[in-house]
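FYI, it's all coordinate maths here, none of it is from the lab. Since the model is a prediction, treat every value here as computed from it, not as a measurement. No Cβ is skipped: glycine too gets one built from the backbone with ideal geometry, and neighbour counts run over all protein chains shown.
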Amino acid sequence: MRLDGAWTAIATPMNLDTTLDWEGLEKNIEFQISQGITGVVPVGTTGESPTVTWDEHNEVIDRVLSRCGARCGVLAGTGSNSTEEAIESTRHAVRSGAKAVLMVDCYYNGPSSQELRDDYYAAVAAEFPDTTIVPYVIPGRSGTALCVEDLAILASRYQNVNTVKEATGDLARMARTRELLGDDFSIMSGDDDITYAMLTDPAIRANGVISVASNVVPGGVCRMVAAAVSGDVENAARMRDELAPLLGIITVKVDNPRVLPGGKSVIVNDRYRNPLPVKTLMAGLGMPAGPCRRPLGKMSKAGVEVVRSAAQTVWDRNPEILRPIGDFFGIDAAARLADDAIWNALAL
């Protein structure tokens, strides 16, 4: 199994008490399938893998595999900063029917690229030779990175390492990946805002995306990817432009006031990271989402307004982009975008 097309890094919806909303998860999966998504990726960063328990983690994978069946692909998130945990998580996913797993570079303990190659990815690839192992390179979160050269060595040794999720933001690195690994290896974008560039750059020739924005606009992301891969750059660029406001809010940065002890007021730049912005958008539009688990909390009013404004811009330019949400979930997107009370309730 070699990945391509449009995949959704699916959010894990929660109830107000942050227990998992299983009914909401099933609805969101059905929405994805109805919009033609290639596959879904449960319990990655967007699925709040850092704060779900391992029992919950495994149950999410089980339920997603069961719900999707043969209707779309499933790339199960099984990475860890412990190789033994990653092996056990992968074993559970494989026994449940997963054909492919996503493994993030080991975070916090920061192994070298050689250690990532030999003592993490190779260990899992050897243990599960019939399962596709997808390295996920995201140094901005992990603090380390599997280098391109070690990825090439790994892929030459293990046929089940044939895809990478690229979230370095480094286009030169991606071009080097294509140069060393050739066209039989898949490069999947892990950054919505540069997916178009990765797909259309002749030196990169990315094969698809594992998208956060497609939680909300799966159809639009599917159309952009399909157009770009087929060489229809004009239509791909048009879709990129229509989706652009949403592709740019995976992380939201805003200046917020603080009052220091003693009463002095200062301004601090807060960076609200995935999945908080996308779950805020989903909740605002009426999709199953719920809160994030602590320490992720709520955005300030300024942060929520950035998200709301992006959705409003997309609606104003072309309401057909967001209309499938209303059609599927039975809500009035325009009315919800105009309702201050809904968005104020999502803010601090």
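For chymotrypsin sites (Phe, Trp or Tyr not before Pro), the sites in the stretch 104-134 that DSSP calls loop and that have at most 10 other Cβ atoms within 10 Å are TYR108. Taking the fewest neighbouring Cβ atoms within 10 Å as the starting point, the ordered list for THR51, THR83, THR38 is THR51, THR83, THR38.
Under 5 Å from the amide H of SER186 lie the amide H atoms of THR163, VAL164, each residue being 5 or more positions distant or on a separate chain, with H modelled from the backbone and absent for Pro and chain starts. Put the Cα centre of the stretch 94-113 next to the Cα centre of the stretch 1-64 and the gap is 17 Å.
Between SER66 and TYR108, the FRET efficiency from the beta-carbon distance, with R0 = 45 Å, is close to 0.90. The convex hull built on the alpha-carbon positions of the chain has an orientation-averaged projected area of 17.6 nm². If the limit is 19 Å between Cα atoms, which of LYS27/LYS301; LYS99/LYS165; LYS27/LYS253 go over it? Long pairs (Cα-Cα over 19 Å): LYS27/LYS301; LYS27/LYS253. Taken along the Cα-to-beta-carbon direction at a fixed 7 Å, the label points for PHE329 and ILE267 span 3.3 nm. By the beta-carbon count within 10 Å of each Cβ, the least crowded to most crowded order of CYS68, CYS106, fewest first, is CYS68, CYS106.
Normalised by the number of residues in the chain, the average gap of Cα pairs under 8 Å and 6 or more apart makes the relative contact order 17 percent. Beyond 19 Å, the tail of the calculated P(r) for the stretch 215-348 holds 54 percent of the Cα pairs. For LYS264, a cut-off of 17 angstrom between C-alpha atoms picks up these aspartates and glutamates, skipping any fewer than 8 places away in its own chain: ASP255. Working ranking of peptides 155-167, 257-269 by packing, defined as the average number of other Cβ atoms within 10 Å per residue, highest first, is 155-167, 257-269.
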